[in-house]
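Taking it in order: structure first as structure tokens, then the write-up.
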Amino acid sequence: MDKIRDYTLFYCVEDGKLHKGSCREENEVLQDIVMGEVVEMDGYHASGLELTLTGLQFETTADIALVLPGDATIVLESGISRIQVHARGPEANVAAVYTNGDLTITGGDGTLICDTTSTTAENCLWSRCICARYGDLTISGGNLEAYCGQCSVRAGAVYAGGRLFGGERQRGAITITGGRVSACAVPHTIRATNDKLTIGKGSIIANSGEFSGSAEQWHGSYLAQVDLTKNIEISFEK
């Protein structure tokens, strides 16, 4: 990455392009959304609700790096893509990848690294690498790495849900059925709303206090690191 930007990227379904813009999150809702001109970038191609990454590199001082529409799919086709936020604060609500609604991450050999390790209790309220706000998150393939800073109790490297509406409208399920996930955040590394975290058949979960080993299926609300110097690692038997 040759330059740290100061704006948010918005994926626009109408033209399949990434646009420069700005926004902030307050009370679990995106506010002051402005979307401007197309940003010419390598490392992706897209069509409709599907954004395919092949080595996208983006680093920003904005609170949120990449915003996608609900029901979007990220395909980790090839290469190493990195999305990084340098939190400025104060009291920012930070996310590397954000969607208001459902999000699916799938793919083959591609890797997506989401980095918000700049967040601290002094500059951040919420620190998330992947955030599906009021939607469900499904991970079925590719390699996902998510690293958060130790900001406060409001942290989750991989996060789905919200609390404004309550009940069934709250959504917030996380389902992991394939690929590889490596993540670190304190106190809740992978966090779903209302006990809706499901890790599928054949999973191998390392460095988690709730479960370690190999399982047919695991259900719960979150996974947290046992050893804070090591990531939680989720993979699947071949």
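Just so you know, all these numbers are worked out from the coordinates, no wet-lab data involved. This is a predicted model, so every value here is computed, not measured. Cβ atoms come from the backbone with ideal geometry, glycine included; neighbour counts cover every protein chain shown.
In order along the range 117-132, phi translates into HN-Hα couplings of 5, 6, 6, 9, 5, 7, 10, 8, 8, 10, 10, 9, 8, 10, 10, 9 Hz, rounded to whole numbers, per the Karplus curve 6.51 cos²θ - 1.76 cosθ + 1.60 with θ = phi - 60° and x for Gly and Pro. Each 10 Å bin from zero holds the following percent of Cα-Cα pairs in the range 8-236: 9, 36, 39, 14, 1.
What is the distance, in nm, between label points placed 7 Å from the Cα along the Cα-to-Cβ direction at E91 and at L30? Taking the simple label geometry, E91 and L30 are separated by 2.3 nm.
Between the amide H of I139 and those of I105, T175, I176, T177, distances stay under 5 Å, these residues lying 5 or more places away or on another chain, with hydrogens modeled in the peptide plane. Straightening the chain between H219 and A121 buys 32.3 nm, computed as 0.36 nm per residue apart minus the Cα-Cα spacing.
Reported to the nearest whole Å, the Cα centre-to-centre distance from the range 202-238 to the range 1-75 is 30.
Between G162 and Y134, the built amide H atoms are under 5 Å apart, and every one of these is 5 or more places off in sequence or on another chain. Take the Cα of R5, step 7 Å toward its Cβ, do the same at L49, and the gap between the two points is 2.4 nm.
A simple spin-label model places the labels of S22 and E233 4.3 nm from each other, with each point 7 Å out along Cα-to-Cβ.
Distances between every pair of Cα atoms in the range 1-137, grouped in 10 Å steps from 0 to the bin holding the largest one, split as 13, 47, 35, 5 percent.
Amide hydrogen proximity for Y44: with H placed 1.01 Å from N in the peptide plane, the residues at 5 or more positions away or on another chain lying under 5 Å are T54.
Pairs of Lys residues in the chain, spaced 8 or more positions apart or belonging to different chains, with C-alpha separations under 26 angstrom: 7 in total. Under the criterion of Cα pairs below 8 Å and six or more residues apart, the relative contact order for the range 8-236 equals 13 percent.
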